[in-house]
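Notes follow once the structure below has been shown.
The values are calculated or read from the model by the stated rules, or taken from the named source; none is laboratory data. Computed from a predicted structure; not experimentally measured. Here the Cβ positions follow ideal geometry from the backbone for every residue, glycine too, while neighbour counts run over all protein chains shown. Ligands, DNA and RNA are stripped out before the accessible areas are found, and what is left, the full protein with its side chains, is counted by its heavy atoms. Shrake-Rupley method; radii C 1.70, N 1.55, O 1.52, S 1.80 Å.
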Amino acid sequence: MKELEREYRVRHANALTPIAEKLTHHLQSLLEGEIRIDRISARAKSVDRFMAKAEKVKDDRPKYDEPLHQIQDQIGARIITFYTDDVPRISDAVLKYLRAIETQDIVPENEWEFGYFGHHHILMLPADVVDPTIDPNLVPKFFELQIKTLFQHAWSEANHDLGYKPGSTPLDRDQLRQLAYTSAQAWGADRVFNDLFQAREHSTGKAQTA
């Protein structure tokens, strides 16, 4: 694992970080003019988070045989929008320009586990964002794109920091209940804001046709 960490540090510094910066600008350019986008950003997966993922075990065996080739979110991009109704529109706009390898809606495993929601794509990394001076052996083929509302983004960032930071002490049962409670509140707020947005749009549409 020490060798893997060394290799990823080289990749992170020399390829992933500069590519993520160019990818941010590329996505911003593609979506220029799209309404109700709060922010667009891309970043390289940190060394700690990459190693934590690379060390995962499934059925008593390492989940990844070749983490540098199999882990697809070494570069992660995120588009933050206002309302849940905006997510499919922005997703469609992205897919006009970028090729998707995998698409999924992230939802809780059941209604009692509040988890976080979001729309995730695994997309081919566009050649436009890769500087020709970068060693092609360090460049991943894919990147992950998450499209989230403001509430989904805020909750997932805090949840990840609290519950998944490498080396952190696992949350106890009462803390997990508190986390579930805040997740339910965020889900409710997201829904209320979207319902109010729909009502306003419906009212405005009626006024325009009257």
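Here are the numbers for this structure:
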{"quantity": "Contour minus Cα-Cα distance for Gln185 and Ala100 (0.36 nm per residue)", "calculated": "27.4 nm"}
{"quantity": "Neighbourhood charge, 13 Å Cβ-Cβ cut-off, centred on Phe193 and excluding it, Lys, Arg +1 and Asp, Glu -1", "calculated": "-3"}
{"quantity": "Flagged links, alpha-carbon separation over 25 Å, of Lys22/Lys45; Lys45/Lys141; Lys2/Lys45; Lys63/Lys148", "calculated": "Lys63/Lys148"}
{"quantity": "Accessible surface, 1.4 Å probe, highest first, among residues Val57, Val192", "calculated": "Val57, Val192"}
{"quantity": "Lys53 - accessible surface, heavy atoms, 1.4 Å probe, Å² rounded to 10", "calculated": "50"}
{"quantity": "Phe82 accessible area, 1.4 Å probe, all protein chains in place, Å² to nearest 10", "calculated": "80"}
{"quantity": "Pairwise FRET efficiency - Asp174 versus Asp59, Cβ, R0 = 25 Å, nearest 0.05", "calculated": "0.20"}
{"quantity": "Residues of the stretch 169-201 with amide N under 11 Å of a point placed 7 Å along Cα→Cβ from Asp38", "calculated": "190"}
{"quantity": "Phi to ³J(HN,Hα) by Karplus 6.51 cos²θ - 1.76 cosθ + 1.60 over the stretch 136-147, Hz, x for Gly, Pro", "calculated": "x, 5, 9, 9, x, 7, 10, 9, 9, 10, 10, 10"}
{"quantity": "Residue order for Ile101, Ile40 - accessible surface, 1.4 angstrom probe, largest first", "calculated": "Ile101, Ile40"}
{"quantity": "Residues with amide H under 5 Å from that of Phe142, placed H, sequence gap 5 or more", "calculated": "Leu125"}
{"quantity": "Heavy-atom accessible area ranking, 1.4 Å probe, most first, across Asp59, Asp174", "calculated": "Asp59, Asp174"}
{"quantity": "Computed FRET value (nearest 0.05) for Asp135 with Leu162, which takes r as the C-beta separation and R₀ as 30 Å", "calculated": "0.25"}
{"quantity": "Peptides 5-13, 194-202 ordered by average Cβ neighbours within 10 Å, highest first", "calculated": "5-13, 194-202"}
{"quantity": "At R0 = 30 Å, FRET efficiency that the Cβ-Cβ distance of Lys22 and Asp92 yields, to 0.05", "calculated": "0.80"}
